[in-house]
Amino acid sequence: RACPAYLMSGKETAMTDLIPIRTTDMPADMGALLRDYPRDGWDANPHFAKSTRQWMRAHEKFRVLSDHLHDQTAGFLDHSVDPDDFADHLGRYGTALVQNLHGHHHFEDRTFFPELSAADPRFDAGLEILEKDHEALDQVLDSFARTGSRVIKLVQLDVRAAHEEAGVLETQTSAIRAFLQRHLGDEEDLAVPVILHHALRG
């Protein structure tokens, strides 16, 4: 059974933040149904249900949020974003990303993935990798939330210190963005063909 490997990278500060990012490919078996149900045909498939479209729209929102947070952090570091505006965006959109991703993963692990496994157990190895992705991303999100809270407080107390801490935050937002880009794409490529093939969630 395939197991994920993780690349540990970090940026040294008073403490080390370890960012786990999967570097292994998904199992080759995952492509079996994807070849029969390629992405460019999903929209026209009668079994591409409203609930599946909503699930994918949530993924797109996560991509947009992670891009926005990374861009805002980079702008704060290069002084093109006002510190107070940055702190406001970080508080609102950072909280939205963390809370919604945690809720989304809980739904997938408890309800969505078991449904896919029951329909087609050939893809259990891929689902196991995606679940481990969730565990790793939860660690990153918790670290991001702690760093973000410190930066928001420091913006009011010491902007120079906030910039130093934001360097760690930029590493974290970059990792989250890269992680989501890979994980969400793999998740969609595995799940949607199973849904279409077995006419689930109609």
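The values are calculated or read from the model by the stated rules, or taken from the named source; none is laboratory data. Computed from a predicted model, the values in this text were never measured in an experiment. Here Cβ is always computed from backbone atoms with ideal geometry, including for glycine, and neighbour counts include all displayed protein chains. The area values use the complete protein model at the heavy-atom level, side chains included, leaving out ligands, DNA and RNA. Shrake-Rupley method; radii C 1.70, N 1.55, O 1.52, S 1.80 Å.
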Segment 127-136, residues that are in contact (Cβ under 8 Å) with a residue 24 or more places away in the chain and over 19 Å from residue 52 (Cα atoms): 128, 129, 132, 133, 134, 136
Failed criterion for residue 197 (all others in (1) under 24 Å from the mean Cα position of the chain (by Cα); (2) open to solvent by 60 Å² or more (accessible area, probe 1.4 Å); (3) not small (Gly, Ala, Ser) hold): (1)
Residue in segment 74-126 that is nearest to residue 153 (Cα to Cα), counting only those that are among the hydrophobic types (A, V, I, L, M, F, W, C), free of Cβ contacts under 8 Å to residues at least 40 places away in the same chain and open to solvent by 20 Å² or more (accessible area, probe 1.4 Å): 81
Looking only at segment 21-45, and only at residues there that are within 21 Å of the chain's Cα centre (by Cα) and not in a helix (DSSP H, G or I), the one that is farthest from residue 171 (Cα to Cα): 27
Residues that are over 16 Å from residue 188 (Cα atoms) and crowded, with 16+ Cβ neighbours inside 10 Å, drawn from segment 23-73: 65, 66, 68, 69, 70, 72, 73
Qualifying helices (runs of 4 or more DSSP H) (wholly inside segment 86-202; at least 2 residues being touching a strand residue (DSSP E or B) at 6+ places or on another chain (Cβ under 7 Å) and of a type in the set (A, V, I, L, M)): 124-157, 159-198
Filter pass, residue 60 being part of a helix (DSSP H, G or I), out of contact with any Gly (no Cβ under 8 Å at 6 or more places or on another chain), of a type in the set (Asp, Glu) and touching a residue at least 60 places away in the same chain (Cβ under 8 Å): no
Residue among 153, 132 that alone is at pLDDT 95 or above and open to solvent by 60 Å² or more (accessible area, probe 1.4 Å): 153
Leading residue by the ranking (farthest from the chain's Cα centre (by Cα)) among those in segment 74-123 that are closer than 21 Å to residue 187 by Cβ and among the hydroxyl-bearing types (Ser, Thr, Tyr): 117
